[in-house]
Amino acid sequence: MSERAIISALSAIAAACLLSIVTLDAAWAAEDNWDTVVAAAMKEGELVIKGAPGKVYTDVFTQGFEKKYPGIKVSYTGLNGFESIPKIQREREAGIYNWDVYLGGTPSILSTLKPAGAFAPLKPVLRADITDDKNWRGGFDAGWEDNDKKFTYAYDFTVSAPAYVNWDFVKPEDLKTYRDLLKPELAGKIVWDDPRRGGPGINAGAVLMANYGDDFLATLTRTQKIAYTTNGREIAEWIVRGKYPIGLAAGSQYLEQFWKQGLGKNVKAYMDDIQKLNGGPGFGCVALMDHAPHPNAAKLYVNWLLSKEGQTEYVKSVRNSRRLDVPAGDPDLLPQSGREYADTQTEASIALREKEMAITKANIAQ
């Protein structure tokens, strides 16, 4: 080998070594920075979360984090959006900032809290390993629910079954298509998570409207003596007991509590003739609150939540994560390849939801 070739080879080796050192230094710098965040969060010692209602969600959103970071006390309040939004609005108008992290559905907060400046940009506080596209269905950015793609992130994507049916109390010949819900013999047998309020009820109504038209939705709500509630646990119990064997917008996470006890074995998701399926996050969205009282604990939490570890905890709620490296919470409600799903919880879907709400409010007997 010539002297010039030897010098060139040595230069290449030196450059590679230097690059390796720089890369390692950068990695160590990032690690040191994250250690600083963890230390600051432990010093704050507290985290305040507005989360989804129900014990199942309380457990999956708190237990794993508290086990990993026992020095941080988590104050978790599970509320529906229609309960929490007015409260947060009043507090902020008075200059009171109680909350660190918001977990829940998105459309209602995107039309209220987002315009009020209640949220801080989320992506700047996330580690690079969290936002790595290979970990997420459709890439990381596919999970943004707001038009700005910066404030509300959906880590959940679960196909929405418009209804669950207890076939112990419904004859198969009476329900062969969703259009059969208008049959007189099914009047008084339906419960619905109230579609006049924010929550899963609106999603079910939007799917029915998209598939069968505005008149179908109006007739269904006007004529079928439907029971309405916003208590997911109560809906599940009524379906299982057969009091109302057809549950619109029923939550599988509540039904799971009965299935584990061997109850409601013939309660099944009903999607037979739905052409335009809905899939979305349900309560599975996260936003970082502006003026968070515990900013480092909040940063620590959202990174944990969106990590493989945090999402493995989350799918215990019987929902499905958008992360590709965690197990399915409900395999039957995973999106199927080659099929398109409408997410009715995005900011762009607000007009559709408002139309659905107007129809149901006009036709449900007060």
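The values are calculated or read from the model by the stated rules, or taken from the named source; none is laboratory data. What you see is a predicted model; the values in this text were computed from it and never measured. Positions of Cβ are generated from backbone atoms using ideal geometry, with glycine treated the same way; all protein chains shown enter the neighbour counts. Ligands, DNA and RNA are stripped out before the accessible areas are found, and what is left, the full protein with its side chains, is counted by its heavy atoms. Shrake-Rupley method; radii C 1.70, N 1.55, O 1.52, S 1.80 Å.
Observations
- Too-long pairs where the Cα-Cα distance tops 32 Å, listed order kept, from LYS87/LYS355; LYS43/LYS260; LYS73/LYS265; LYS87/LYS176; LYS243/LYS316: LYS43/LYS260; LYS73/LYS265; LYS87/LYS176
- Between the helical axis of 214-223 and the longest alpha-carbon principal axis of the chain there is an angle of about 50 degrees.
- Between 0 and 90°, nearest 10: helix 232-241 axis offset from the chain longest Cα axis: 50 degrees
- Within a straight-line Cα-Cα reach of under 12 Å, LYS276 can be paired with the following aspartates and glutamates, leaving aside sequence neighbours fewer than 8 residues apart in one chain: GLU340, ASP343.
- Our coupling estimate for the range 300-307, obtained by passing each phi through the Karplus curve with A = 6.51, B = -1.76, C = 1.60 and θ = phi - 60°, is 4, 5, 5, 5, 5, 4, 8, 7 Hz, Gly and Pro reported as x.
- Computed with a 1.4 Å probe on the full set of protein chains, the accessible area for THR230 sits at about 50 Å².
- With both residues required to sit in the chain, DSSP beta bridges show an antiparallel share near 60%.
- Rounded to the nearest 20 debye, dipole of the range 36-97 from Cβ charges on Lys, Arg, Asp, Glu: 80 debye
- Shape category assigned to the range 255-361 from the gyration tensor of Cα positions, a/c cut at 1.5: oblate
- Each other residue within a Cβ distance under 10 Å of LYS316 adds +1 if Lys or Arg and -1 if Asp or Glu, for a net charge of -2.
- For the chain, the longest principal axis of the Cα atoms and the long axis of helix 55-68 meet at an angle of about 10 degrees.
- Theoretical gain in end-to-end length, LEU324 to ARG127 [0.36 nm per residue, Cα-Cα removed]: 69.2 nm
- Shape class of the range 59-166 from the alpha-carbon gyration tensor: rounded, with the ratio a/c of largest to smallest axis under 1.5.
- Projecting the Cα positions of SER75, PRO195, ILE85 onto the charge dipole of the chain (unit charges on Cβ atoms of Lys, Arg, Asp and Glu, taken about the Cα centre) puts PRO195 furthest along the positive direction.
- Overall form of the chain per C-alpha gyration tensor (a/c, 1.5; a/b vs b/c): prolate
- Placing unit charges on the Cβ atoms only, positive for Lys and Arg and negative for Asp and Glu, gives the chain a dipole magnitude near 840 debye about its Cα centre.
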